[in-house]
Amino acid sequence: MTSQFDFDLIVIGAGSGGVRAGRIAAGYGARVAVIEGDRPGGTCVIRGCVPKKLLVYGASFAGEAEDAAGFGWQLDGLRHSWAQLIAAKDKEIDRLEGIYRNLLKNAGATLIEGWGKITGPHSVLVGTDSYTAERILIATGGHPAMPAIPGLAENAITSNEALDLKQRPNHILVYGSGYIALEFAGIFAGFGSQVDLVYRADLPLRGFDDDVRRHIAEALTDRGINLVSGRTISEVKQTDTGYEVVLDNGRVLTPDKVMAATGRSPNIEGLGLQEAGIKTNERGAVMVDEWSQTSTASIYAVGDVTDRINLTPVAIAEGHAFADTHFGGIARHIGYDNVPSAVFSQPNIASVGLTEPQAISEYGKIDVFESRFRAMKNTLSGRPEKTYMKLIVAKDSQKVIGVHMVGPDAAEIMQGMAIAVKMGAKKSDFDAVIGIHPSAAEEFVTMRTPRP
Ligand code: NDP
């Protein structure tokens, strides 16, 4: 029997979540179309995680060169070409875009280039062409959001533009203190820009463990970033030489670039959600149940457009579970507990599980083990920076329920910790593991005495 629809699945958005869903569904034999109005690859590949991490790598060499002096190297006359870095980064992103196109092609999915608008429970319009499908998956991601502050939207760049600047700013003001703000502050500071980090909380990274927040505030200051806490911006004015940024206490900062890193909003404009009866929440996110199903039964949504946990691997996992459920005969949805994440600031931050206040409210009594030490490399490099590690253990069950780290390679170390936490490892399991010596990671298996 032939289907009444053009496709079994239409995916709107060829980012991480959409491409995963599309190609897994196609692999199961479904007839799939993926609609994309911009470059396949989406936020993560084109203007997020990947180019950002390449710039983080680039910036990290400056610190390495400083550290090298303590080991006898004389690296005089170190110079950097921003233009060369951006060109190399662009070339790599072009290559990855090609891989994303091929992933879809090789899986047998059809890429339709243009912006999709949902016109009914089973129909999508792209330009003047209408397509139908049994199911539609919205995977349109998000975009940088800015608060309504006089002059901010007109004068500030976001992470989108920060990755493509023709020249590196000498002095940049970054507004916000979330993931993006800290990562870009580290990038620009690493390359030698003067960086002001202006944020409204008393410490950066609201929502992270407070010890982590205190430690990173110190580390960023040590790395030369000017932390301006507890302040908001009242106005941004362009001048002949750059910008005047007026803070709420009347202080004026004069950077030559202003970057807003003040959160992201779901991409729902022009999607026709209202017409299709798809409900959104007060933040504009598409509302879905645990199966990623929207208020319209044939329409689903995954990734940042649903504003659940806005991380690439989460979107990928949601897309994969959706495809398994509907096209692979494996009904499953993902779990949102113990999702590890990292901030690629310099130094790195990584966490899995609960913060101390969350642990107390969920488990009552807890033990906290922590270690603050100068990494071996810094004994010769002379860098004063310390590494911070913290384990939170539920007192009754002795389960490890939170792991936090600020220090080199925190992201790499935390991935393994996340497996242990996800498996429900106890403190005694950590204690039974022999450390790898000498490493920073071994501290996680050698902490013996809880904090009083
Ligand atoms: P975050 O939510 O992490 O941080 C937003 C920042 O903007 C906070 O410091 C917040 O302050 C501030 N802010 C928000 N609204 C205002 C306002 N009206 N006035 C002043 N300050 C404001 O968002 P990001 O933009 O950094 O990143 C978006 C998301 O993308 C992240 O949450 C994360 O999910 C994802 N991401 C993940 C990365 C990774 O895994 N490494 C990297 C980059 C992004 P306050 O804390 O006071 O609310």
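The values are calculated or read from the model by the stated rules, or taken from the named source; none is laboratory data. From a predicted model like this one, the values you see are computed outputs, not experimental measurements. Neighbour counts run over all protein chains shown; Cβ positions are idealised from the backbone, glycine included. For accessibility, only protein heavy atoms count, side chains too; no ligands or nucleic acids. Shrake-Rupley method; radii C 1.70, N 1.55, O 1.52, S 1.80 Å.
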Within region 47-64, of all residues that are open to solvent by 20 Å² or more (accessible area, probe 1.4 Å) and hydrophobic (A, V, I, L, M, F, W, C), the one farthest from Gly77 (Cα to Cα) is Cys49
Which of the helices (runs of 4 or more DSSP H) found entirely inside region 103-200 contain at least 2 residues meeting this: away from the ligand (no atom under 14 Å from the Cβ)? 152-155, 179-190
Any chance you could count how many residues in region 154-174 are under 17 Å from the mean Cα position of the chain (by Cα) and over 21 Å from Gly63 (Cβ atoms)? 4
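Let's see how each residue does on (1) within 16 Å of the ligand (Cβ to nearest atom); (2) open to solvent by 20 Å² or more (accessible area, probe 1.4 Å); (3) closer than 18 Å to Ser60 by Cα:
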residue: Val339; (1), (2), (3): yes, yes, no
residue: Pro357; (1), (2), (3): yes, yes, no
residue: Gly364; (1), (2), (3): no, yes, no
residue: Val368; (1), (2), (3): no, no, no
residue: Ser397; (1), (2), (3): no, yes, no
Scan of region 133-171 for residues that are within 29 Å of Ala25 (Cβ to Cβ) and surrounded by fewer than 18 Cβ atoms within 10 Å (Cβ to Cβ), ordered by number: His143
So is Met376 without any contact (Cβ under 8 Å) to a residue 24 or more places away in the chain, open to solvent by 80 Å² or more (accessible area, probe 1.4 Å) and more than 21 Å from the chain's Cα centre (by Cα) or not? no
Mind checking which residues of region 227-241 are in a strand (DSSP E or B) and within 16 Å of the ligand (Cβ to nearest atom)? Leu227, Val228, Ile233, Ser234, Glu235, Val236
Residue that is farthest from the ligand (Cβ to nearest atom) [pool: residues in region 202-214 that are open to solvent by 10 Å² or more (accessible area, probe 1.4 Å) and not acidic (Asp, Glu)]: Arg214
Looking only at region 215-254, filter to residues that are of a type in the set (S, T, N, Q) and open to solvent by 70 Å² or more (accessible area, probe 1.4 Å); which one of those is nearest to Gly402 (Cα to Cα)? Thr221
Gly98 versus (1) touching a residue at least 40 places away in the same chain (Cβ under 8 Å); (2) of a type outside the set (D, E, K, R); (3) surrounded by fewer than 18 Cβ atoms within 10 Å (Cβ to Cβ); (4) farther than 30 Å from Ser193 by Cβ: which is the lone unmet condition? (1)
Just checking, how many residues over region 274-324 are free of Cβ contacts under 8 Å to residues at least 60 places away in the same chain, in contact with a Lys or Arg (Cβ under 6 Å, 6 or more places away or on another chain) and closer than 20 Å to Gly42 by Cβ? 1
Among the listed residues Ile334, Ile299, Ile309, Ile316, which satisfies the condition of being open to solvent by 50 Å² or more (accessible area, probe 1.4 Å) and aliphatic (A, V, I, L, M)? Ile309
If you check Arg251, Arg231, Arg206, which single one turns out to be under 25 Å from Asn348 (Cβ atoms) and basic (Lys, Arg)? Arg206
Does Lys91 qualify as being without any contact (Cβ under 8 Å) to a residue 60 or more places away in the chain and open to solvent by 60 Å² or more (accessible area, probe 1.4 Å)? yes
Please verify whether Val212 is touching a residue at least 24 places away in the same chain (Cβ under 8 Å), among the hydrophobic types (A, V, I, L, M, F, W, C) and closer than 20 Å to Met146 by Cβ, treating the condition exactly as stated. no
Do we have Thr379 as within 30 Å of Ala276 (Cα to Cα), modelled with pLDDT of 95 or more and more than 16 Å from the ligand (Cβ to nearest atom) here? no
Restricting attention to region 18-56, which residues are within 17 Å of Glu97 (Cα to Cα), part of a loop (DSSP other than H, G, I, E, B) and of a type in the set (Gly, Ala, Ser)? Gly37, Gly41, Gly48
Residue check for Ile118: open to solvent by less than 50 Å² (accessible area, probe 1.4 Å), touching a residue at least 40 places away in the same chain (Cβ under 8 Å) and in contact with a Phe, Trp or Tyr (Cβ under 9 Å, 6 or more places away or on another chain): no
Identify the residue in region 65-86 that is open to solvent by 90 Å² or more (accessible area, probe 1.4 Å) and not aliphatic (A, V, I, L, M) and, among all such residues, is farthest from Thr379 (Cα to Cα). Gln84
